[in-house]
Every structure is written in structure tokens, then in C-alpha cells.
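Here the structure is laid out as C-alpha cells; the discussion comes afterwards.
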Amino acid sequence: MTLNVRLVWMLATTLVLGAVAPVIGQQAPAGEVVMAWHVTIAPTWFDPSTAPPQITPFGILYALHDALVRPLPGQKMAPSLAESWTESPDGKVYEFKLRRGVKFHNGEPVTADDVKFSYDRYKGAGASEFRARVLRCEVVDPATVRFHLKEPWPDFMTFYGTTATAAGLVVPKKYIEQVGEDGYRKNPIGAGPYKFVSHAPGVEVVLDAYPGYWRHTPFVKRWVMKSVPDGATRLAMLKTGEADLGVAYDGPEAEEIKRNPRFQLVASKHASINWLEFAEQWDPKSPWHDKRLRLAVNHALDRKAINEAACLGFCPPTGVIVPRVMDFALQVEPPTYDPTLAKRLLAEAGYPNGLDAGSLVPIPPFFTMGEAVVNYLNAVGIRTKMQIMERAAFYASWREKKLRGLFITGVGNSGNAASRVQEFIYSKGSYAYGGYPDIDDMFQQQARERDVKKREAMLHRIQQLTVDRVMFAPIMDFRALMGIGPKVTEHTITWIHNSPFPSYEDVKIK
């Protein structure tokens, strides 16, 4: 590479150097935090290679692991295991320089070989996009890795450097080759702020501070992650001091926390959304193939009241399934609450006496929202009843396209409008039940478009088409309501861009 080309390379780049410096003279980590989770923690979350398009696994992944580039306090996308990165002028090559002296929990250095190994074995959310658009990952030297793209892909860093996917998280090549895939999930090793201690399936995960973490040694010595799906039990644990931090309380429990001066109720700022899915709209024999029925559902829902009951007013009603805080999100008003119109649409569709719609499955454990939706649908003649599923079974059934009829889901991983379209609107998306050729074509076009305004116009058009065709019944931009106990003096819940989880190494306690 000539000097002039190298200068152009460096000047036409994104070069980020603003990482947090290590704390000098910091005291040794001390104390313990018990975190009561709203779900059963799955051992698959210890390994980033299969991470789904959901935010919840990152509550474990970002404790155990680190990425070349990731959101850090005060920075939307910051250098982490990589101290810097560059993009070539033609947008087809990305080069990362690894931070010197960074080690995995077992003392092995983090190298470019580990980066390539981690990318090559990745098969989680967005994997199909990486395979379609990345030509190869190249190890230049032990501290340098390059990604060569088949053509410019403006979203490469969004997919690689945010929680849109876990492809950027780096795992130890030598260790995994020694212990195998199953052995790794039983005893994971990463380069994050906390190292794995133990796992009691369905009960808890125990993590200890990693003194060698590059940012700084964590302030809290031990985190105990408890699996507590029942909201009343999570509330009781917070009250008795059995838990110091409780995750994602439903409306009634959150209201009780809010009234108690001993606790804090904190609403997350992450990019989450809840919507009602019409799984059978693509089947010409299904009633839901009729756009009028889907529109009736949209007008039957009082989103403002659902927000108040389930989310204490923290979750703004929405009209699309891309969170309004994301880049390229279409800012659109939600459908009006108009039960009279909903009934008229039902009659026009051939159901003047209403429709038996079977069961409606809401995403666990947000059953207050589910109950409210069921009640509003029943009120206009769409007769349904709520069916409760365990969360892991819910997500497995959704991914395998086994959920039928109506169901309410939610997604909170980061990225931008394109990463959401890729998984849920594009017909080949992992969680899409169907799609439209024109939307698919626009999705492919915007993925190659480097002009930001043109990309935005295409992504806005895609989102508008989902509204025009009533592909979904969007409900609200979800905010996780977190309960903070009196022992926690710095919870850091809102420190990480578009994440509901703490910046673990920065949490402080009495």
C-alpha cells in the first residue's frame, strides 16, 4: 500500500478513540448484587454464536464477553477490544486494530485469530446477511483483522458493532477447540468484565469480577443472576432484600415499587417494541387474509390505556414495529382507538356477529398487556382468550413458525430500521411469516445504497407499506420497568445506548 493510499485510507475512515480510561488506584471489587430476572436464563446465552434477534441474552453476553466495537457509556458505538477501526473509501474493506494486552479470563491473549474464529462460527441473528455480503474475514497479523465485503454495505458496522447481532463478540479459539461446543457452554470463557463461576439450571448464574478487564476492574465483586419469571416473586424479593435489582416488572408490580420510597423505579431507554402478529394473513383460506379484519384489530385497541395499565405511561403508543429511537424509523401516529369503526369493518368483512379468533398468546411475562388486548378485542366481537406460554417455548415456537392465529411479541435488540426489517418484514427474515416482493426488492436496494437520504426514503417507504397493508398491529414502544433496591447507589441502567441492562463494571453499591 503506497503512502498516499494509506493516507486516503486513514482520512476516509471512522476512527474512534474515545474509550473510557482505566481507573487508577481503584479499590478491589467488593460486595454482591443479586439481580432477579423476568425470564429463565438459558445456557445458550453463554455463547454468542447463536444469539437470536433479542436484547435479553445481552444481559448475560455483555457481562461475560466483549466485542471489537460496542456501545459503551456515553458512546453509541465505541472501540472496545479493538482500539480503532477504519473503512476504505470504496466502503468494501473494514480493518480493526486490536487493543494491546487484552486477555481472556483464562489468561490467553485476545488475537486476530480469535476474531476470525468467532466470526466464522457465528450463526445467530443476521448470519445470513453476513454470509451474503461479506467476502471473507482476513487475519493480517496478530493484532489486525480485515473484513472484505462483496460490495459496499452501509450497515456492516450496525450489524457487527451493536446488539443488532452478537457477531462482534470475541470468544477464545484455542479453549473452544480444546473443550468442544458443549464444554464451552458448560464453562464459558470470555473477555468481558465478569467471569463465569457456576450455573444452576433454572435457578441462578454466578459471575465474579474479572480484575483484568481493560476498562477497569468492576466495582462489585459478585453478580448473582436469579431466574424469577413470576413478577410477584420478583417484587417480594426486592422488598425483603433478597434481590437488589429486579428486571422488567409488569404494571401492577411496578406501581407498588413506584409508591415505596425505599426503592427506585427506572424505565429503560432501549429500542424495544411490542406488536400483535397476524401469523395467518398469508393464507388465503384464513379470515386474517382479509385486510379489513386486521384493520379492525388495529382500531379496537386503546393503546394509551394499555400503556397506562401495563407500563405506567412509560411506553408510548406506536404505529410501526420499528422503535422510534432507531435511525431511519418512520415517525407515524398509531391507529385511532375507534371501536365503532372496528365493528363496522368486521361486518364489512362478513362477520356482523363477530368472529371466533381462538387463543391469543402474549409474550411472557407481560400478561397485563395481553389481558388488555384480549379485553379490547372481545369488546368489538373478536372473541379470543389468552393462552400463557413459558418464554423459551414462546420464542422457539415463534422462530419455528409454530405460533398461529394471533400473538403478541416483542423485540429489544439494537441496530436500525434496516436490521428490524431484515428479521421481521423481509420475507426471508428469521421470524417473518411472509412478505411482499416489492418490499423485498426495496430492502435489498437500501442495503447497497450509501446515500443516507436515499436509504432513509426507502426504509420509510417499507415501513409505510407495512401500515398501508396492515401487516401488524403495533402496540407500544416498550420500556422495561426496573426495580432498584436501597443497596445500589449507581445502577447504570440507562448508561448503555439502546440497552435495558446495566453497565455492569460501573455499578456501585453501599
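The values are calculated or read from the model by the stated rules, or taken from the named source; none is laboratory data. From a predicted model like this one, the values you see are computed outputs, not experimental measurements. Note that we place each Cβ from the backbone using ideal geometry, even for glycine, and neighbour counts take in every protein chain shown. The accessibility values were calculated without ligands, DNA or RNA, using every heavy atom of the protein model including side chains. Shrake-Rupley method; radii C 1.70, N 1.55, O 1.52, S 1.80 Å.
Things to note:
- Each Lys and Arg Cβ is given +1 and each Asp and Glu Cβ -1; about its Cα centre, the stretch 142-250 then shows a dipole of about 380 debye.
- Between the amide H of residue 84 and those of 97, distances stay under 5 Å, these residues lying 5 or more places away or on another chain, with hydrogens modeled in the peptide plane.
- Once the Cα atoms are used to define both axes, helix 173-186 deviates from the longest principal axis of the chain by about 40 degrees.
- Scanning the chain for cysteines with no neighbouring cysteine C-beta under 4.7 angstrom from their C-beta gives 137.
- Note, ³J(HN,Hα) from phi for the stretch 375-388, Karplus 6.51, -1.76, 1.60, rounded to Hz, x at Gly and Pro: 5, 5, 5, 4, 5, 9, x, 8, 7, 8, 9, 7, 10, 9
- Residues of type lysines that residue 174 reaches as a straight line, Cα spacing below 23 Å, ignoring anything fewer than 8 places off in the same chain: 97, 103, 116, 123, 186, 195
- Square roots of 5 times each gyration tensor eigenvalue, C-alpha, the stretch 74-229, largest first, Å: 29, 18, 16
- Note that the stretch 351-510 carries a Kirkwood radius of 18.6 Å, evaluated over its alpha carbons pair by pair.
- Residues with amide H under 5 Å from that of residue 55, placed H, sequence gap 5 or more: 412, 413
- Whole-Å semi-axes of the stretch 320-383's equivalent ellipsoid (Cα gyration tensor): 26, 18, 10
- Solvent-accessible heavy-atom area per residue, rounded to whole Å², over the stretch 96-229 at 1.4 Å: 38 Å²
- The chain: angle of helix 112-121 to the longest principal axis, Cα-based, in degrees nearest 10: 30 degrees
- Mean separation of Cα contacts under 8 Å (6+ apart) over length of the chain, as relative contact order %: 20 percent
- Relative to its Kirkwood radius, the Cα radius of gyration of the chain gives an Rg/Rh of 0.98.
- Among beta bridges from DSSP that stay inside the chain, the antiparallel ones total about 75%.
- Compared with the dominant principal axis of the Cα atoms in the chain, helix 339-348 is inclined by about 70°.
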